[in-house]
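Okay, structure first, notes after.
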Amino acid sequence: MNKITLILLTILLTSFTGMAKASEIEFKKWEEQNFNKLDTDNNGSLDATEMRGTTKKWMTKKGWNEEKQIKMTSNKFKKYDSNKDHKVSLKELVIGNRKQQAQKKKNKKKNKKK
C-alpha cells in the first residue's frame, strides 16, 4: 500500500469515528425527568402544546401577554425541531436548551468586555 492511500484511509476512518461521537449525546437525569413531565401524552416527543409547558411560567412572570407568549413558544418549537417532523424529541430539546445556555454565557462574556 503506498503512503498516499494509507494517509487517505487514515483520514477517512478518523472522520467516521468523529462523526459517530458527535451524534452521541448523554442526557442528564434531570433533563430526562423534565422532558417526561412535559410529555403529558407519554409518546416520547413534545408537540407544540406540550412545548408551551416549557415557557408559560417564565413568560407570564415577565408580564408578556398570551399572544406574544404563543408566538415566542412557536418560534422556539420551530428552532428546536431540527428534523422538521413537527415534534421535539428529548435529544432535540436537550441540544436546543444547551445551545441556548451556551449562547447566554457567550453574550454575558461579551457584555462584560464592553
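The values are calculated or read from the model by the stated rules, or taken from the named source; none is laboratory data. Computed from a predicted model, the values in this text were never measured in an experiment. All Cβ positions, even for glycine, are placed from backbone atoms using ideal geometry, and neighbour counts span all protein chains on display.
If you go through region 78-96 and keep only what is assigned to a helix (DSSP H, G or I) and farther than 21 Å from THR40 by Cβ, you end up with LYS79, ILE95.
Out of LYS91, LYS110, LYS84, LYS79, one residue alone is closer than 25 Å to PHE27 by Cβ and loosely packed, with under 10 Cβ neighbours inside 10 Å. It is LYS84. I'd like the full set of residues that are under 23 Å from GLN33 (Cα atoms) and out of contact with any helix residue (DSSP H, G or I) (no Cβ under 8 Å at 6 or more places or on another chain), limited to region 68-84. The one that is under 23 Å from GLN33 (Cα atoms) and out of contact with any helix residue (DSSP H, G or I) (no Cβ under 8 Å at 6 or more places or on another chain): LYS78.
For THR54, indicate whether it is among the hydroxyl-bearing types (Ser, Thr, Tyr) and surrounded by fewer than 13 Cβ atoms within 10 Å (Cβ to Cβ). Steps first, answer last, please.
Numbers: among the hydroxyl-bearing types (Ser, Thr, Tyr): yes; surrounded by fewer than 13 Cβ atoms within 10 Å (Cβ to Cβ): no.
Against the criterion (among the hydroxyl-bearing types (Ser, Thr, Tyr) and surrounded by fewer than 13 Cβ atoms within 10 Å (Cβ to Cβ)), THR54 does not qualify.
Pairs linking a residue in region 76-102 that is in contact (Cβ under 8 Å) with a residue 24 or more places away in the chain to a residue that is of a type in the set (Ser, Thr, Tyr), with Cβ atoms under 7 Å and 6 or more positions apart or on different chains, are LYS76/THR55; LYS87/SER45; VAL88/SER45; VAL88/TYR80; SER89/SER45; LEU93/TYR80. Applying a threshold of 6 Å to beta carbon distances and a minimum spacing of six or more residues, or different chains, the list of pairs starting in region 43-72 at a residue that is within 16 Å of LEU93 (Cα to Cα) and at pLDDT 90 or above and ending at one that is part of a helix (DSSP H, G or I) and of a type in the set (A, V, I, L, M, F, W, C) reads LEU46/LEU38; ALA48/PHE77; GLU50/LEU38; MET51/PHE77.
What about ILE4, is it more than 28 Å from THR73 (Cα to Cα) and modelled with pLDDT under 95? Against the criterion (more than 28 Å from THR73 (Cα to Cα) and modelled with pLDDT under 95), ILE4 qualifies. Identify all residues within region 85-114 that are of a type in the set (Lys, Arg) and under 19 Å from LEU38 (Cα atoms); write none if there are none. Within region 85-114, LYS87, LYS91, ARG98 qualify.
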